[in-house]
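To keep things clear, I will list the structure first and then write my remarks on it.
What follows draws every value from the coordinates through simple rules; no lab data is involved. A quick note: this is a predicted structure, and the numbers were derived from the prediction, not measured. Note that we place each Cβ from the backbone using ideal geometry, even for glycine, and neighbour counts take in every protein chain shown.
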Amino acid sequence: NAGVTQTPKFQVLKTGQSMTLQCAQDMNHNSMYWYRQDPGMGLRLIYYSASEGTTDKGEVPNGYNVSRLNKREFSLRLESAAPSQTSVYFCASSEAQDGDYEQYFGPGTRLTVT
Amino acid sequence: GENVEQHPSTLSVQEGDSAVIKCTYSDSASNYFPWYKQELGKRPQLIIDIRSNVGEKKDQRIAVTLNKTAKHFSLHITETQPEDSAVYFCAVLGGATNKLIFGTGTLLAVQP
């Protein structure tokens with residue numbers, strides 16, 4: 001039982017390049033989330049998927065797109081990376097129903113945009 | 001939307017002392033209040049949570065109290081140990097959504 005996995009662990013991009021961050025969970029959770037973490041800013045929600053087939057914007061969606069590929073996988077795409085997107089990105093999953101709202105986080109992806 | 005404020009941003013205590021971190025929120029319909037601990041370079045992990053129908057919850061050396069009238073909740077750590085050193089985040093689940101809104105974090109340093 002691997003929990004939530006993310007790839008890659010580290011990435012360096014040049015301004016304007018694109019990339020996709022991958023996330024998968026093996027807990028059969030309904031909901032999945034993408035956060036970014038910047039110093040002094042806490043965890044800010046980029047996009048989330050309440051269930052397979054649905055996605056919604058969070059607090060900071062500009063410059064990102066997501067795909068809920070199936071119940072297990074939720075990817076985050078940067079179409080044209082900018083230095084302001086330098087951050088640590090966490091994926092999380094949760095059952096998010098029947099009173100069970102604990103979110104389980106992946107190990108994170110450290111992204112640097114130069 | 002929901003607004004969560006967390007204080008203090010940094011906290012330094014001596015080993016064995018108590019630590020208290022406080023969060024305030026704005027949406028009176030919020031009903032779930034977790035606390036996450038994040039060690040350096042690691043992922044956040046849930047350490048304790050409380051629901052709106054309960055005023056206090058304890059788990060060994062940690063406890064959370066909730067004041068729904070005043071819209072604030074607090075994390076209490078007693079008999080602190082060096083391994084308690086980490087960043088702690090409070091969060092609030094919006095009343096009408098499955099989204100958690102996180103506070104900005106508290107860096108707790110426990111001095112041996």
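Quick notes
- Within a Gaussian network of chain A (alpha carbon springs, distance under 10 Å), most fluctuating of A:98, A:26, A:38: A:98
- Gain upon complete extension [residue B:17, residue B:45; 0.36 nm per residue less C-alpha separation]: 7.8 nm
- Across every direction, the projection of the convex hull enclosing the Cα atoms of the protein assembly as shown has a mean area of 12.3 nm².
- Quotient of C-alpha Rg and 2.2 N^0.38 Å, computed over chain A: 1.01
- Cα centroid of the range A:26-70 to Cα centroid of the range B:1-75, whole Å: 23 Å
- Distance between modelled label sites at residue A:2 and residue A:70, nm, 7 Å Cα→Cβ extension: 1.3 nm
- Taking a straight line from the alpha carbon of residue B:37, these lysines sit under 20 Å away, with near neighbours fewer than eight places off in the same chain left out: B:22, B:57, B:58, B:99.
- The range A:5-16 - phi-based ³J(HN,Hα) in whole Hz, Karplus 6.51/-1.76/1.60, Gly and Pro as x: 10, 9, 9, x, 7, 9, 7, 10, 10, 8, 3, x
- Reciprocal of mean inverse Cα separation for chain B (Kirkwood radius, Å): 14.0 Å
- Charge dipole (Cα centre; +1 on Lys/Arg Cβ, -1 on Asp/Glu Cβ; no other charges) of chain A amounts to roughly 540 debye.
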